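Take a look at the structure set out below.
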Amino acid sequence: MNRQRRPLQSVVLVEAVRTPFGRARPDGLWAHTRADDLAVVATRELLRRHPGLPADRIDDVVLAATSQSGDQGLDLGRTVALLAGLPSTVPGYAVDRLCAGGMTAMTTAAGAIASGAQEVVVAGGVEHMGRHPMGAHADPNPRFVTERIVDPSALVMGATAENLHDADPRLTKERADAWGVTSQQRYAAALASGDIGPEIVPTAVRDPLRGWGLARQDEPPRPGTTLEQIRDLPTPFRPGGRVTAATAAPLTDGAAVALLADEATALELGLPVALRMVSWAVAGVAPELMGTGPVPATRKALARAGLSIEDLGLIEINEAFAVQVLAFLDAFGIDDEDPRVNPYGGAIAVGHPLAASGVRLAAQLAHGLATRPQVRYGATTLCVGLGMGMTIIWENPHHDGGRR
């Protein structure tokens, strides 16, 4: 039988939004707010911004969380779809790839869209690390260690960052400290210039002692951080180590969601196109060197796109730890001060609510490319617990045919 293969559809990101990120602690911004409600607020705002999209045209809601229990459990995608007021005909499901949960939600949705099975999907992630500390409800199989399948340090993310420092003498504490300060400085400058803010959804804050409020900005950043202030901070993962609170992303609560569609449907419904997905890849690495994951993932994604690192005019890399970013830069021969990389700061300043971070990166890249029409391609990438990395290559729909 002669069967014609359906051509793949062009997948675009219409927009990505997020709640303000809060510190994961008893007095943090979202200490008294449910995780699923954070995702609902972001989803409602995403749809409010695009009134031309009929709710019944949404084919699916895909939500990620690293800890899928309590207020992050019970099929988070379907839960959020119902709570956000979508018709009961709109289904939903949950995914988990630890820190790459939100990014995997987007690529899973993209696969369905590209194949023609779906046209419009809401995808994102949420993490309430104040209620669900990473690994708190997990029961790692003891064979990991007893059978030497992984090094014991692989189950402690900060310890894997110390391992990265050990693995390469170029990855010094001085460089990591400098990157930590740069992240804070760039974030503060981006906030002041308005480069951070349009993607943030003003969100109600509930506090049993102080009543209700409205959060419009992220809580974790520490503007004014200097090298002198952080040079002698404790190293919690190892006595005399190199990883400190200033060179690691703070524990964070927050949600981020994106609207994805095939390009023809976006045109039909009058939806804007912020990014065009080109390729993506996931790679595995030694779990005890988790932070190296973005390197092979980016190489695979670039190869699949027929591109090189020089073709990328903007790179948003999640700053789980400063040393992990530095390892990526060294692998590709990129200078520590290259303006293409995290020009608006990163997770060391803003925080890393695990499954939400991949979508935050996409929101930031979309803004960056919109203001750089000379740049054609950009990337979002992050390292993933248990030894993985994930990267998406995106095309700038605003590209003017300029140099990069």
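The values are calculated or read from the model by the stated rules, or taken from the named source; none is laboratory data. On a predicted model such as this, the values are computed, not experimentally measured, just so you know. Note that each Cβ is placed from the backbone with ideal geometry, even for glycine, and that neighbours are counted across all protein chains shown. These accessible areas exclude ligands, DNA and RNA; they are computed on the full protein's heavy atoms, side chains included. Shrake-Rupley method; radii C 1.70, N 1.55, O 1.52, S 1.80 Å.
When both residues are 6+ apart or on different chains and their Cβ atoms are under 7 Å apart, which pairs have a first residue that lies in region 236-248 and is under 13 Å from His352 (Cα atoms), and a second that is modelled with pLDDT under 95 and in a loop (DSSP other than H, G, I, E, B)?
Between residues of region 236-248 that are under 13 Å from His352 (Cα atoms) and residues that are modelled with pLDDT under 95 and in a loop (DSSP other than H, G, I, E, B), there is no close pair.
Report the residue count in region 121-155 for those that are among the hydrophobic types (A, V, I, L, M, F, W, C) and either open to solvent by 70 Å² or more (accessible area, probe 1.4 Å) or more than 30 Å from Arg18 (Cβ to Cβ) (or both).
6
Counting only residues that are touching a residue at least 12 places away in the same chain (Cβ under 8 Å) and not in a helix (DSSP H, G or I), which one in region 156-169 is least open to solvent (accessible area, probe 1.4 Å)?
Pass one, region 156-169, residues touching a residue at least 12 places away in the same chain (Cβ under 8 Å): 156-165, 167-168.
Then keep just the ones that are not in a helix (DSSP H, G or I); that gives 156, 168.
Numbers: Val156: 67, Asp168: 33 Å².
Per the criteria, the residue is Asp168.
Can you name the residue in region 366-386 that is β-branched (Val, Ile, Thr) and in a strand (DSSP E or B) and is also farthest from His398 (Cα to Cα) among such residues? Spell out how you get there, then give the answer.
Start the filter on region 366-386 by keeping residues that are β-branched (Val, Ile, Thr), which leaves 371, 375, 380-381, 384.
Checking which are in a strand (DSSP E or B) leaves us with 380-381, 384.
On the way: Thr380: 18, Thr381: 21, Val384: 31 Å.
Among them, the one singled out is Val384.
Against the condition β-branched (Val, Ile, Thr), in a helix (DSSP H, G or I) and more than 21 Å from Ser10 (Cα to Cα), how does Val295 come out, does it pass? Give the derivation first.
Working: β-branched (Val, Ile, Thr): yes; in a helix (DSSP H, G or I): yes; more than 21 Å from Ser10 (Cα to Cα): yes.
Yes, satisfied.
Can you find a residue in region 234-241 that is under 22 Å from Ala258 (Cα atoms) and not small (Gly, Ala, Ser)?
Within region 234-241 (the criterion being under 22 Å from Ala258 (Cα atoms) and not small (Gly, Ala, Ser)), the answer is no, since none of the residues qualifies.
With the condition kept exactly as written, say whether any residue in region 280-291 is touching a His at 6+ places or on another chain (Cβ under 9 Å), among the small types (Gly, Ala, Ser) and either under 30 Å from Gln118 (Cβ atoms) or in a helix (DSSP H, G or I) (or both).
no
Taking the stated definitions as given, is Leu307 more than 28 Å from His165 (Cα to Cα), open to solvent by 30 Å² or more (accessible area, probe 1.4 Å), in contact (Cβ under 8 Å) with a residue 60 or more places away in the chain and in a loop (DSSP other than H, G, I, E, B)?
Values: more than 28 Å from His165 (Cα to Cα): yes; open to solvent by 30 Å² or more (accessible area, probe 1.4 Å): yes; in contact (Cβ under 8 Å) with a residue 60 or more places away in the chain: yes; in a loop (DSSP other than H, G, I, E, B): yes.
Taking the combined requirement at face value, the residue satisfies it.
Is one or more of the residues making up region 349-365 at positive phi and either surrounded by 24 or more Cβ atoms within 10 Å (Cβ to Cβ) or at pLDDT below 95 (or both)?
Checked against the condition, which is being at positive phi and either surrounded by 24 or more Cβ atoms within 10 Å (Cβ to Cβ) or at pLDDT below 95 (or both), region 349-365 yields at least one hit.
Inspect region 18-38 for any residue being under 29 Å from Ala297 (Cβ atoms), part of a helix (DSSP H, G or I) and open to solvent by less than 10 Å² (accessible area, probe 1.4 Å) and give the result as yes or no.
yes
Would you pick out the residues in region 179-217 that are in contact with a helix residue (DSSP H, G or I) (Cβ under 7 Å, 6 or more places away or on another chain) and assigned to a helix (DSSP H, G or I)?
Scanning region 179-217 gives Trp179, Gly180, Val181, Ser183, Gln184, Tyr187.
Six or more apart or on different chains, Cβ atoms under 7 Å: show the pairs whose first residue is in region 170-190 and open to solvent by 30 Å² or more (accessible area, probe 1.4 Å) and whose second is among the basic types (Lys, Arg).
Sorted first by the residue in region 170-190, then by its partner, the pairs are Lys173/Arg242.
Scanning region 63-101 for residues that are in contact with a Phe, Trp or Tyr (Cβ under 8 Å, 6 or more places away or on another chain) and open to solvent by 30 Å² or more (accessible area, probe 1.4 Å), which turns out farthest from Leu53 (Cα to Cα)?
Asp75
Among (1) surrounded by fewer than 19 Cβ atoms within 10 Å (Cβ to Cβ); (2) under 23 Å from the mean Cα position of the chain (by Cα); (3) of a type in the set (Gly, Ala, Ser); (4) at negative phi, where does Gly194 come up short?
(4)
Let's see how each residue does on (1) open to solvent by 20 Å² or more (accessible area, probe 1.4 Å); (2) not hydrophobic (A, V, I, L, M, F, W, C):
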residue	(1), (2)
Ala204	yes, no
Arg231	yes, yes
Thr252	no, yes
Ala255	no, no
Leu267	yes, no
Ala283	no, no
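Examine region 101-109 for a residue that is closer than 18 Å to Val40 by Cα, outside any loop (DSSP other than H, G, I, E, B) and not aliphatic (A, V, I, L, M), and state whether such a residue exists.
yes
Is at least one residue of region 337-345 over 21 Å from the mean Cα position of the chain (by Cα) and of a type in the set (S, T, N, Q)?
no
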